[in-house]
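Please treat every number below as a calculation from the coordinates, not as lab data. Here the structure is a predicted model, which means the values were calculated and not measured. Quick reminder, even Gly has a Cβ in these numbers, built from the backbone with ideal geometry, and neighbours come from all protein chains shown.
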Amino acid sequence: MNETTVIELKHVSKRFGRILANDDVDLDVLQGEILAVLGENGSGKTTLMNMIAGIYYPDAGEMYINGQHAVIRSPKDAFSYGIGMIHQHFKLIDVFTATENIILGLKDKGRYNLSEAKRQVRAIADKYGFIIDPDKKIYDMSVSEKQTVEIIKVLYRGANILILDEPTAVLTPQETETLFSVLRKMKEDGKSIIIITHKMHEVLSLSDRVAVLRKGRHIGTVDTKYATESSLTEMMVGKKVTLNIERTEPVNPVDRLTISDLTVMNREGVKVLDHISFTARSGEILGIAGIAGSGQRELLEAIAGLQKMSEGTISYVDPKSGETVDLRDKTPMQIRELGVRLSFVPEDRLGMGLVGNMDIIDNMMLRSYRRGSGIFVDRKKPKDLAETIIQDLQVVTPSTSTPVRRLSGGNVQKVLVGREIASSPTVLMAAYPVRGLDINSSYMIYNLLNVQKANGTAVIFVGEDLDVLIELCDRILVIGSGKITGIVDGRKADKEEIGSLMTKTVSFSEGMVR
């Protein structure tokens, strides 16, 4: 590996109000290396990368690119230094083709030469092993295809330093391996690649070095070949942490929720769930795996009463009375009034889960204010709950009165998950509850889900990390294009099998759904 330094940060700091996001950070990136950036939620990883990419400007410190002092005040400045960032949430125009998105915003004399642009796009794809149709519309693309467009877009602009934020968050194992193969070819070509990720096994298999941040400070950079999951986690947290999921056998599992032939249409009349049938049992964790957009969200929303069903039934067995209740066409309020405690951790944390302008205490009250008596609300219990969640889940926040929009994404997630689990549901539906969380916080959530399982809760866990699904879940339901393509035993499953089922479009026999 070439030891030439392409990026050097000296004493870089960034503050947002009272929060010191980055504190006197020194960091270097070498030419032709893959550098992983690790840290707990709120440790300043994304803020630091955003300063390199020109989204934020440092309050103090200096930045050097290829040995020259650099001032980067915008993404345009960053591109002038050969730096491009691929964000977790893509910035593409759906109705444009891949090529049109790639060249959009570039200055050209006269009209854009689309045929020449397509030729260059194909040349980049052939050089690094990308698979792309330059004429394909974005709205027809899979998540991995959209990511390919974003990467080629920065390469087309001449980037030699690429920053990728959680690049494998919504990819199948096969797509992840394809991406890693491409990144290794880019590294061999002399590109420098920085990856922000929370998946430790990816860090160890892909990167050359790992930079660790803790509470805004750079703790150190180590060669990956000398690192382990335990040593990196200890650097991140500052103490030894046990990283294992103790999956217990279900005790007296009872059918709690039975879904039969559930079909849901979207606003355009397209079938997004096609005759889904399965059973969730008490004292069991049922995992749901699938490529993003395969119907996972609609499935949980339909069970929670947030999506209208066109066909099928959802039957809930009350653990107290033993009575079976049909939840079809019930509103979320009616479901709660029936005593059915379906707690829902949605994908959109600040859209459906929490109110960004409200503080942590008020967000706790969103689940309990209707139970109050009189015209005044009781803030003591929500305040106690907020303080418990902050302490137990190590939420980084100045106080309980801090608006949640001022917290990092990972800390917002902790508040949301903690509130849902605290409601002691009989059925807990958790959609991506650890998305964006660091490894230590993720294991806290896994342990909380196991506690719910031990308490007799039927847990439905939608996850994107197949290693975790296999380690945590008793059964794993795989959904593809709105259909169940398989249900496997979590103790016997492997990633390749699940990955194949995720890309399969033909559903299997209803008799196999157990």
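Values computed for the structure shown
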| item | result |
| --- | --- |
| Estimated [θ] at 222 nm from DSSP helical runs (n ≥ 4, -39500 (n - 2.57)) normalised by residues in the chain, nearest 500 | -9000 deg cm²/dmol |
| Placed amide H near Thr402: partners under 5 Å, 5+ positions off or other chain | Ile360 |
| Three-way shape label, the range 5-237, alpha-carbon gyration tensor, a/c 1.5 | prolate |
| The chain, dipole about Cα centre (Lys/Arg Cβ +1, Asp/Glu Cβ -1), debye to the nearest 20 | 1200 |
| Percent of beta bridges antiparallel (DSSP, the chain, rounded to nearest 5) | 55 |
| Rounded to whole Hz, the Karplus (6.51, -1.76, 1.60) HN-Hα couplings of the range 468-485, x for glycine and proline | 5, 4, 5, 7, 9, 8, 7, 10, 10, 8, 10, 10, x, 6, x, 10, 6, 9 |
| GluC sites (Glu not before Pro) restricted to DSSP loop in the range 1-41 with at most 12 other C-beta within 10 Å | Glu3 |
| Cβ-placed point charges (K, R +1; D, E -1), dipole of the range 5-237 about Cα centre in debye, nearest 20 | 640 |
| Anchor Lys137: lysines whose Cα lies under 24 Å away (excluding residues fewer than 8 positions away in-chain) | Lys91, Lys107, Lys118, Lys127, Lys146, Lys153, Lys271, Lys504 |
| Neighbourhood charge, 15 Å Cβ-Cβ cut-off, centred on Ala70 and excluding it, Lys, Arg +1 and Asp, Glu -1 | -1 |
| Dipole axis of the range 411-474 (+1 Lys, Arg; -1 Asp, Glu on Cβ), positive-most option in Asn450, Val434, Asn411 | Asn411 |
| Signed unit charges on C-beta, dipole axis of the range 5-237, positive-most listed residue Gly129, Gly82, Ile196 | Gly82 |
| Stretchable slack from Tyr139 to Met358, in nm (0.36 nm times residue separation minus alpha-carbon distance) | 75.4 nm |
| Structure-derived volume of the Cα convex hull per residue in Å³ - corresponding label in (i) 152; (ii) 199; (iii) 164 | (iii) |
| Mean-position separation - Cα centroids, the range 149-171 and the range 248-266, in angstrom | 39 |
| Gap separating the Cα centres of the range 1-68 and the range 435-502, nearest whole Å | 34 |
| Cleavage-rule hits (trypsin sites (Lys or Arg not before Pro)) in the range 212-295: DSSP loop, at most 13 neighbouring Cβ within 10 angstrom | Lys239, Lys240, Arg267 |
